[in-house]
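Data first, discussion second: the structure below is written as C-alpha cells.
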Amino acid sequence: MAASAQTAQIAADSPALPGYGEVAGQVLGAPLIVDATVRSTATIRGAEAADVPPGRVRYYVTADVNALIRGTTGLPARVGYLVDVPLDFRGRPPRLRRERVLLFARPVSGRPDQLQLTGLDGQRPWSPPLDAMVRSIAREAVSPDAPPEIIGIGNAFHVPGTLPGEGETQIFLRTANDDPISLQILRRPNQAPRWAVSLGEIVDDSAGPPQRDTFLWYRLACGLPPELPESAIAAESPMTARVAREDYRLVLRDLGPCRG
C-alpha cells in the first residue's frame, strides 16, 4: 500500500477526536488517568445492569495497565472496572478484547486493583492525538503558572474615550486561588473592538485573546458565566453598563462554546 493511502487508512480507522473542552473537563475531574489494554470482558445483566442507558451494554472489564498518566499512587499491573459501552451499528455488543483504551477514573477504597470510571465516557478508545492531548492537559493543569479556575466575576467598568466610539472596558475575574485575571476590551473609532486577557496584576492590552484549544482558552470558555452579573456593574451609569455588557458578550462570542 502506498504511504499516502496507508496514512489515509489509519486516519479513517482512528476514533473521532473529542473536543478540547470535553477532554480538559475529564482530565481535571479524574484522579487517575490510565493507558490500558483490555484483556477480557464479562457482560453484566439483570439487576446489576438495571440502570444501563438505552443503546448500551454493561461490561466488567479486566485490563492490563500500560502507563499511569495521572495519579498520586501506583497501580497494579492489572485492574478491573465497570463500563457502559454503546452497541454497534447492528445493535450488538462491541468486542473490546485487546483494544487499547484511556481510562478516566477514581480509585476504589480498599480495592487497589479496582477502578471506578468518572463518567459515561470514562473509557475512550486510545489514539495518538487523544493521548497527546490528555498528557498535555495533565501536565499544564499541575504547572505552577497554570491559569486558575474561574469562579465568577468581581467587578467591571467602562471608561469612554474622548472621541465618539472610543473607550475601554475592564472586567476583573474571581479565581479559585485568588490569582488575578482580567479582560480588557478596547474600542477605537472606525475599528472593530479588540480584547485581551491578562494574567497577574499588570494589565497587558497587547496580550490578545487566548489561542483556541489551549488551557487558558478552556478556563475562560468553560468558566465565564453566560452574562455579566448586575453586581459587577452596579456602580456604572446605564450607558457605561450597557457598553460593558456588549463588550462581555463580544468576549464570549470570540471564545465560542466550551464543548463545541
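The values are calculated or read from the model by the stated rules, or taken from the named source; none is laboratory data. Quick caveat: nothing in here was measured; it's all calculated off a predicted structure. With ideal geometry, Cβ positions are generated from the backbone for all residues, glycine too; neighbour counts draw on all protein chains shown.
Residue by residue, here is whether (1) at pLDDT 95 or above; (2) closer than 30 Å to THR43 by Cα; (3) not charged (D, E, K, R) holds:
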{"position": "ARG92", "(1), (2), (3)": "no, yes, no"}
{"position": "ARG106", "(1), (2), (3)": "yes, yes, no"}
{"position": "SER109", "(1), (2), (3)": "no, yes, yes"}
{"position": "ARG124", "(1), (2), (3)": "yes, yes, no"}
{"position": "GLU149", "(1), (2), (3)": "yes, no, no"}
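Conditions tested, residue by residue: (1) on the phi > 0 side of the Ramachandran plot; (2) in contact (Cβ under 8 Å) with a residue 12 or more places away in the chain; (3) of a type in the set (Val, Ile, Thr).
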position	(1), (2), (3)
VAL27	no, yes, yes
ALA30	no, yes, no
ASP35	no, yes, no
SER40	no, yes, no
THR43	no, yes, yes
GLU48	no, no, no
PRO53	no, yes, no
VAL57	no, yes, yes
ARG70	no, yes, no
Selection status of GLY165, free of Cβ contacts under 8 Å to residues at least 24 places away in the same chain and either loosely packed, with under 14 Cβ neighbours inside 10 Å or over 30 Å from GLY25 (Cβ atoms) (or both): no
Selected residue (criterion: surrounded by the fewest Cβ atoms within 10 Å (Cβ to Cβ)) from residues of the range 70-110 that are of a type in the set (Lys, Arg) and more than 21 Å from the chain's Cα centre (by Cα): ARG90
Number of positions in the range 92-118 that are on the phi > 0 side of the Ramachandran plot and touching a residue at least 24 places away in the same chain (Cβ under 8 Å): 1
Residue within the range 145-157 that is on the phi < 0 side of the Ramachandran plot and without any contact (Cβ under 8 Å) to a residue 60 or more places away in the chain present: yes
The range 166-184: number of residues that are under 24 Å from the mean Cα position of the chain (by Cα) and of a type in the set (D, E, K, R): 3
Top-ranked residue in the range 226-248 [being farther than 9 Å from ALA156 by Cα and touching a His at 6+ places or on another chain (Cβ under 6 Å); ranked as surrounded by the most Cβ atoms within 10 Å (Cβ to Cβ)]: VAL243
Candidate set: the range 113-149, residues that are β-branched (Val, Ile, Thr) and within 13 Å of VAL23 (Cα to Cα); chosen: the one surrounded by the most Cβ atoms within 10 Å (Cβ to Cβ): VAL134
Conditions (1) surrounded by 14 or more Cβ atoms within 10 Å (Cβ to Cβ); (2) at pLDDT below 95; (3) of a type outside the set (A, V, I, L, M, F, W, C); (4) farther than 23 Å from ILE137 by Cβ: number failed by ASN190: (1)
Which numbered condition PRO125 fails, given (1) farther than 30 Å from ASP247 by Cα; (2) not assigned by TED's automatic domain parsing to the domain that holds VAL27: (2)
From the options VAL57, VAL38, residue that is of a type in the set (Val, Ile, Thr) and out of contact with any Pro (no Cβ under 7 Å at 6 or more places or on another chain): VAL38
Verdict on LEU252 being part of a loop (DSSP other than H, G, I, E, B), modelled with pLDDT of 95 or more, among the hydrophobic types (A, V, I, L, M, F, W, C) and surrounded by 14 or more Cβ atoms within 10 Å (Cβ to Cβ): no
